[in-house]
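Taken together, the values in this text are just the output of simple stated rules run on the coordinates, not laboratory data. Because the structure is a prediction, the values reported are computed rather than measured. Here the Cβ is made from the backbone with ideal geometry for all residues, glycine too, and neighbour counts use every protein chain on show.
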Amino acid sequence: MACSITNIGECVAEAVFGLILDILNSASRPFLDLIKKFLIEPVSVTAFVDIWAIIVYILSMFYGILIVWIGLKFIISGESPEQREKAKSDLKSIIIMMILVQGSYHLYDLFLAISASLTEVVFDMISNNFFRLSLESISNFGFDLIFGFIYILHLIIVLVLVLLRYIFVSAGVILFAIGVFFYFLPPLNQYGKLILNSLGVLIFLPFFYSIIFLIGSKISQLSQFNEMKTLIMVGTLDLIILSTVLLLLFVIFKAATKVKKVTNILK
């Protein structure tokens, strides 16, 4: 706005409002930087490499038992071609399982790198101005101010979610080896699927977050939404929080279903 003696009041108001928004932007910047860091950077699993090695060592003790068991099944199958083929198929599965369990650390690290790369590509498409509070209209300042505080509160909630996700995924390298081991054992297959599916969702969660951010960024650039940018930013964070909660409930429901299935089988 060009300032003159005729509109000095509006200029002063705009300067004051702009200063307040700058303060809010400065307050939100650390949260945004941390959220972006936890989403884009590959999760470090080096802190758990020793525990992973111990878990794999314990699991490897069962390799010989499983191979002997399959060998006995092959011997007692007699003339039954179906049983002999089943024993051969089980042996192949055990060999594949042994290879995957032993290489689970590097395989898990590869998945983390892929997720981080995909997320970074999408984040590069998001305008930096999308995350910055701006004064589109003096008449909407009260609206923007209220939602500015709500925006910072939402950033804190999202930061807690991505931090928890980072911790779980980092420790997940231990569960990944166990999940692979369980997956190839028929009695424990459902537990293995549950562990692997849950870890897969957590690993690639930042990619879906980045897509939601990208959609919000593109919508905020449309002319009809120019004066509702702050609302769109808050709505985007709401969508991320809501989708995370629903996803958590879905995983819990699936876990309960799979455990019930296994319990019924054992009965």
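I'd like the residue in region 192-206 that is in contact with a helix residue (DSSP H, G or I) (Cβ under 6 Å, 6 or more places away or on another chain) and surrounded by fewer than 19 Cβ atoms within 10 Å (Cβ to Cβ) and, out of all such residues, is farthest from ILE95 (Cα to Cα).
Restricting to residues being in contact with a helix residue (DSSP H, G or I) (Cβ under 6 Å, 6 or more places away or on another chain) and surrounded by fewer than 19 Cβ atoms within 10 Å (Cβ to Cβ), the top hit is PHE204.
Going by the structure shown, is ILE58 in contact (Cβ under 8 Å) with a residue 60 or more places away in the chain, within 32 Å of the chain's Cα centre (by Cα) and surrounded by fewer than 17 Cβ atoms within 10 Å (Cβ to Cβ)? Please lay out each step first, then the result.
Values: in contact (Cβ under 8 Å) with a residue 60 or more places away in the chain: no; within 32 Å of the chain's Cα centre (by Cα): yes; surrounded by fewer than 17 Cβ atoms within 10 Å (Cβ to Cβ): yes.
No; evaluated as a whole, the condition is false for this residue.
Look through region 86-120, keep the residues that are of a type in the set (D, E, K, R) and in contact with a helix residue (DSSP H, G or I) (Cβ under 6 Å, 6 or more places away or on another chain), and return whichever of them is nearest to PRO42 (Cα to Cα). I'd like the intermediate steps shown before the answer.
First, pick out the residues of region 86-120 that are of a type in the set (D, E, K, R): 86, 88, 90, 92, 109, 120.
The next check asks that each one be in contact with a helix residue (DSSP H, G or I) (Cβ under 6 Å, 6 or more places away or on another chain); those that pass are 90, 120.
Working: ASP90: 35, GLU120: 10 Å.
Filtering region 86-120 for residues that are of a type in the set (D, E, K, R) and in contact with a helix residue (DSSP H, G or I) (Cβ under 6 Å, 6 or more places away or on another chain), the one nearest to PRO42 (Cα to Cα) comes out as GLU120.
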